[in-house]
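First the structure, in the form of structure tokens, and then the observations on it.
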Amino acid sequence: MAETKTVHSALVTYTSMISLLTLCPPFVILLWYTMVHADGSVLKTYEYLKQNGLEGLKNIWPMPTPTAWKIIACFGAFEAFLQLVLPGKRFEGPVSPNGNVPIYKANGLQAYAVTLITYLSLWWFGIFNPAIVYDHLGEIYSALVVGSFVFCIFLYIKGHLAPSSSDSGSSGNVIIDFYWGMELYPRIGKHFDIKVFTNCRFGMMSWAVLAVTYCIKQYELYGKVSDSMLVNTALMLVYITKFFLWESGYWCTMDIAHDRAGFYICWGCLVWVPSIYTSPGMYLVNHPVNLGTQLALSILIAGLLCIYINYDCDRQRQEFRRTNGKCTIWGKAPSKIVAQYRTTKGETKNSLLLTSGWWGLSRHFHYVPEILAAFFWTVPALFNHFLPYFYVVFLTILLFDRAKRDDDRCSSKYGKYWKMYCDKVPYRIIPGIY
Ligand code: NDP
């Protein structure tokens, strides 16, 4: 019986991995098509596909063009260059399961500032018109879909032939290795960290660059930027600025410290972030809503508050860990659990779990303001179509799944100490409800 259950759950895992591998590319293209060419209406795209079937999908699928490849190559090369050459403080990541300590150069904020200043200057001085990026968006996504897939094959081969550290290994299954990845900290040479590039400098940076692009395209189309677009862009840029301000903190989170470099995380950051995460702004380009000052300001303030709370949750946890619990949380000494765990090498180590402040409300309270912030930068699109809200729905599913994955991981890492935390803080995400 137990064996049947294991076989069944393995099958479910493979099926969901394979469906994600095959369904994600068409989804990215259909989302772009619907936003840009079908008035944001899922129904219109559905009717079109119903009438034209697979042939219809083939007809609307944009082919990667030399312009698209050039834009991606210039952006990628520029970001890789900034990652390597800009100065930054040395940062030690958390101890890995195999006892390694990855070393980083914390220059994300500098790279972010240089990128936005360069992009806006190119536009201002008439050297490059960002509207071109919007005009070739379909081709760019199409090229990213293919290019990132090839990149994930490279990661898979590198994991087998030339892993960068001992935090690497095969599960014995090709699909799992490709999907979840093999290396935790793949590098090119000693200094070029691949996950910092894919997740932060390409993924998150492209989000900021595209947000600005959408504003400029709307300006080109209508001669002004609507207040809905301004609120959307301002909130997204504040969120991304917060991300780069705290980038070294991100290097201590699950994406970097626990998830290996494979299709799930790398393809996601290279394709899913530039397309899905930016989609509310993509919709607004040709749907300029006029909110009026009062409503626009109310949405802006609510969004800013959510971004601040999300930031403060991350800050509290990191400050608490950095000071070894010798800090104040909401004006008081923190309440904590000293948790023991064993590394894969068999060493026993201590770790602190914060049980007060935001981390005393629920075990993943920070996901609540994260989801609400996404809602507030989408709501300027009002409610004529569902599609702009796809990101909010996706993020909610992603974070609920992530909270469960993290709980399972922490439970197997900390055992009885995690149970003590769960007894003290019983709710997973929403206090009093879930
Ligand atoms: P977290 O910041 O939630 O970190 C999880 C880790 O923190 C756990 O694995 C555990 O690691 C440690 N931990 C758990 N509970 C405690 C505690 N009580 N005290 C101290 N340490 C604890 O990671 P996430 O990566 O999920 O989130 C980071 C940020 O990124 C958040 O702001 C989140 O909203 C955002 N995010 C955004 C996404 C998006 O797509 N927009 C996706 C995912 C995250 P250890 O092994 O060190 O104990």
Give Ala261, Ala339 a once-over and let me know the one that is in contact (Cβ under 8 Å) with a residue 40 or more places away in the chain, more than 15 Å from the ligand (Cβ to nearest atom) and farther than 23 Å from Thr213 by Cα. Ala261
Step by step: first the residues of the stretch 412-429, then only those that are within 25 Å of the chain's Cα centre (by Cα) and at pLDDT 95 or above, then the one that is most open to solvent (accessible area, probe 1.4 Å). Which residue is that? Tyr427
Which condition number in (1) hydroxyl-bearing (Ser, Thr, Tyr); (2) closer than 30 Å to Lys416 by Cα; (3) more than 9 Å from the ligand (Cβ to nearest atom); (4) touching a residue at least 40 places away in the same chain (Cβ under 8 Å) is the one that Ser279 fails? (2)
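Taking Val271, is it under 30 Å from Tyr185 (Cβ atoms), within 16 Å of the ligand (Cβ to nearest atom) and not in a helix (DSSP H, G or I)?
Values: under 30 Å from Tyr185 (Cβ atoms): yes; within 16 Å of the ligand (Cβ to nearest atom): yes; not in a helix (DSSP H, G or I): no.
Judged against the criteria, Val271 is not a match.
Collect the residues in the stretch 179-212 that are of a type in the set (Gly, Ala, Ser) and more than 18 Å from the chain's Cα centre (by Cα), keeping them in residue-number order. Can you show your working first?
If we filter the stretch 179-212 for residues that are of a type in the set (Gly, Ala, Ser), which is where we start, we get 181, 189, 203, 206, 208, 211.
Correct list: Gly189 only.
Name every residue in the stretch 395-413 that is small (Gly, Ala, Ser) and either farther than 20 Å from Asn350 by Cβ or out of contact with any Phe, Trp or Tyr (no Cβ under 6 Å at 6 or more places or on another chain) (or both), in order of residue number.
Residues of the stretch 395-413 small (Gly, Ala, Ser): 403, 411-412.
Answer for the stretch 395-413, where residues must be small (Gly, Ala, Ser) and either farther than 20 Å from Asn350 by Cβ or out of contact with any Phe, Trp or Tyr (no Cβ under 6 Å at 6 or more places or on another chain) (or both): Ala403, Ser412.
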Within the stretch 298-340, count every residue that is outside any helix (DSSP H, G or I) and either open to solvent by 40 Å² or more (accessible area, probe 1.4 Å) or in contact with a Cys (Cβ under 8 Å, 6 or more places away or on another chain) (or both). 11
Arg405, sole failed condition from (1) closer than 30 Å to Pro280 by Cα; (2) near the ligand (Cβ under 10 Å from one of its atoms); (3) touching a Cys at 6+ places or on another chain (Cβ under 7 Å): (3)
State whether the residues of the stretch 217-231 include one that is under 21 Å from Ala296 (Cα atoms) and either assigned by TED's automatic domain parsing to the domain that holds Ala381 or within 14 Å of the chain's Cα centre (by Cα) (or both). no
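For the stretch 244-258: of the residues being among the aromatic types (Phe, Trp, Tyr) and open to solvent by 10 Å² or more (accessible area, probe 1.4 Å), which is farthest from the ligand (Cβ to nearest atom)?
So the first thing to find is which residues in the stretch 244-258 are among the aromatic types (Phe, Trp, Tyr), and the list is 244, 246, 250-251.
Retained after the next criterion (residues that are open to solvent by 10 Å² or more (accessible area, probe 1.4 Å)): 246, 250.
Values: Trp246: 8, Tyr250: 7 Å.
For the stretch 244-258, the residue satisfying everything is Trp246.
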In the stretch 342-381, how many are β-branched (Val, Ile, Thr), in a helix (DSSP H, G or I) and more than 11 Å from the ligand (Cβ to nearest atom)? 2
Out of (1) farther than 23 Å from Leu109 by Cα; (2) out of contact with any strand residue (DSSP E or B) (no Cβ under 6 Å at 6 or more places or on another chain), what's the single condition that is false for Ile337? (2)
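The values are calculated or read from the model by the stated rules, or taken from the named source; none is laboratory data. Being a predicted model, the structure only gives us computed values, none of them experimental. Counting neighbours? That spans all protein chains shown, and the Cβs are built from the backbone with ideal geometry, glycine included. To get the accessible areas, we keep the full protein, side chains included, count just its heavy atoms, and leave off ligands, DNA and RNA. Shrake-Rupley method; radii C 1.70, N 1.55, O 1.52, S 1.80 Å.
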